[in-house]
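The values are calculated or read from the model by the stated rules, or taken from the named source; none is laboratory data. Nothing here was measured: the structure is a model prediction, and the numbers come from that model. So basically every Cβ, Gly included, is an ideal-geometry build from the backbone, and we count neighbours across all protein chains shown. Note: accessible area is taken over every heavy atom of the protein model, side chains too, but ligands, DNA and RNA are not part of it. Shrake-Rupley method; radii C 1.70, N 1.55, O 1.52, S 1.80 Å.
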Amino acid sequence: MPESGSSRLPTRVELGVWRSFLRAHARITRVLEAELIAEQRLSLAAYDVLVQLAETPSMRMRMTELADAVLLSRSGVTRLVDRLERAGLVGRERADGDGRGIVAVLTPLGAERLRSASTTHLAGVAEHFGESFGPGELDAFGRTCDRLAADDVFP
């Protein structure tokens, strides 16, 4: 990998693949979002928050960790959690041992809503993403994405 700040520019092929990757991500994300909203009246970002909370053993996360996990700004997560809290899907509590920290907590209603929405979302992932790959392609794509997502690639 070149040093950060390298003056190397992408090749035509690299730039073309990069743009193709961005278009594919945007298209799949739009389709999955539209399906969730139409069938579940739940945005993809809200679904992601519920998933992140459900995947923790305690069903709770600090708001700062949640913002990092869902790739939203802290203010964006705060506004989204506000809406989810009003809907009864998420609660807020003070962090143990830290009077200033706030954690988002998945409520039983939120867990039920997530179970229902997962049928729509996971079917969409299989259809719009998984079925696009031939034998061996998915494994190779997964390894490439893992490498790009690794913390040691871009410190």
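Summary table below
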{"item": "Residue check, R92 open to solvent by 70 Å² or more (accessible area, probe 1.4 Å), in contact with an Asp or Glu (Cβ under 9 Å, 6 or more places away or on another chain) and closer than 26 Å to D151 by Cβ", "result": "no"}
{"item": "Filter result for A67 (modelled with pLDDT under 95, open to solvent by 70 Å² or more (accessible area, probe 1.4 Å), among the small types (G, A, S) and under 30 Å from V17 (Cα atoms))", "result": "no"}
{"item": "Condition broken by A117, with the remaining ones in (1) among the small types (G, A, S); (2) under 27 Å from A149 (Cβ atoms); (3) open to solvent by 40 Å² or more (accessible area, probe 1.4 Å); (4) in contact (Cβ under 8 Å) with a residue 60 or more places away in the chain satisfied", "result": "(3)"}
{"item": "Selection count where residues are in contact with a strand residue (DSSP E or B) (Cβ under 9 Å, 6 or more places away or on another chain) and more than 24 Å from T119 (Cα to Cα), scope the stretch 66-76", "result": "0"}
{"item": "Residue in the stretch 2-11 that is over 26 Å from L106 (Cβ atoms) and in a helix (DSSP H, G or I) present", "result": "no"}
{"item": "Hits in the stretch 99-114 (condition: more than 19 Å from R79 (Cβ to Cβ) and either assigned to a strand (DSSP E or B) or open to solvent by less than 60 Å² (accessible area, probe 1.4 Å) (or both))", "result": "G99, R100, A111, L114"}
{"item": "Sole residue being of a type in the set (A, V, I, L, M), free of Cβ contacts under 8 Å to residues at least 60 places away in the same chain, surrounded by fewer than 16 Cβ atoms within 10 Å (Cβ to Cβ) and under 17 Å from R113 (Cβ atoms), chosen from A34, A24, A54, A87", "result": "A87"}
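Quick grid of which residues meet (1) over 17 Å from the mean Cα position of the chain (by Cα); (2) more than 19 Å from E33 (Cα to Cα):
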| position | (1), (2) |
| --- | --- |
| T78 | no, yes |
| R83 | yes, no |
| L106 | no, yes |
| L109 | yes, yes |
| L122 | no, no |
| A126 | no, no |
| R143 | yes, yes |
